[in-house]
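To start, the structure itself, in structure tokens.
A short reminder: the numbers here are calculations on the coordinates, not readings from a lab. Please read these numbers as outputs of a predicted model, since none were measured by experiment. Every residue, glycine among them, receives a Cβ derived from its backbone with ideal geometry; neighbour counts consider all protein chains shown.
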Ligand code: DAT
Ligand code: MG
């Protein structure tokens, strides 16, 4: 199958909890290939651009505060249907509803601290990869 790319973030809660290795291990075990990786702390401007679709929602300010609150690991992963494949590994947005066996289902309890981000469509993947890794 043709390779596809997705932006994956291990969010500040995941980095702070020492779950970088766990997340990378799971996506590598699945067969996704690492294309880029960088530990960085987001500015509010980058965070607001990344989460532009959620502007105006009641949780937006808290989301930006959380995602800029410490270093995160930004990754680009590649593989057949990488976008859908990583979303399946991540599990549902609400970790209580996320199935056991998924990253969120196994490792998180609160929607605001759900460890990972994964692009949700080819259009968002292209936009998010360009935002985080303009040289790719
Ligand atoms: P996902 O991260 O599964 O793509 P999303 O794009 O709907 O989910 O939302 C982005 C992030 O915003 C999500 O990972 C956690 C936060 N979030 C979403 N809905 C929320 C809510 N109702 N209350 C608090 N935070 C929320
Ligand atoms: Mg999303």
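Here are the numbers:
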| item | result |
| --- | --- |
| Residues (in a helix (DSSP H, G or I) and in contact (Cβ under 8 Å) with a residue 12 or more places away in the chain) located in region 80-100 | 82, 83, 85, 86, 87, 88, 89, 90 |
| Any hit, region 60-77, residues being more than 15 Å from residue 9 (Cβ to Cβ), in contact with a helix residue (DSSP H, G or I) (Cβ under 9 Å, 6 or more places away or on another chain) and either within 12 Å of ligand 1 (Cβ to nearest atom) or in a loop (DSSP other than H, G, I, E, B) (or both) | yes |
| Residues satisfying the stated conditions in region 97-130, i.e. within 12 Å of ligand 1 (Cβ to nearest atom) and farther than 17 Å from residue 6 by Cβ | 97, 98, 108, 110, 111, 112, 113 |
| Any hit, region 101-118, residues being within 14 Å of ligand 2 (Cβ to nearest atom), in contact with a helix residue (DSSP H, G or I) (Cβ under 7 Å, 6 or more places away or on another chain), in a helix (DSSP H, G or I) and touching a residue at least 24 places away in the same chain (Cβ under 8 Å) | no |
| Test: residue in region 41-48 that is farther than 20 Å from residue 127 by Cα, assigned to a loop (DSSP other than H, G, I, E, B) and in contact with a helix residue (DSSP H, G or I) (Cβ under 9 Å, 6 or more places away or on another chain) | no |
| Verdict on residue 14 being outside any loop (DSSP other than H, G, I, E, B), surrounded by fewer than 16 Cβ atoms within 10 Å (Cβ to Cβ), touching a residue at least 12 places away in the same chain (Cβ under 8 Å) and within 12 Å of ligand 1 (Cβ to nearest atom) | no |
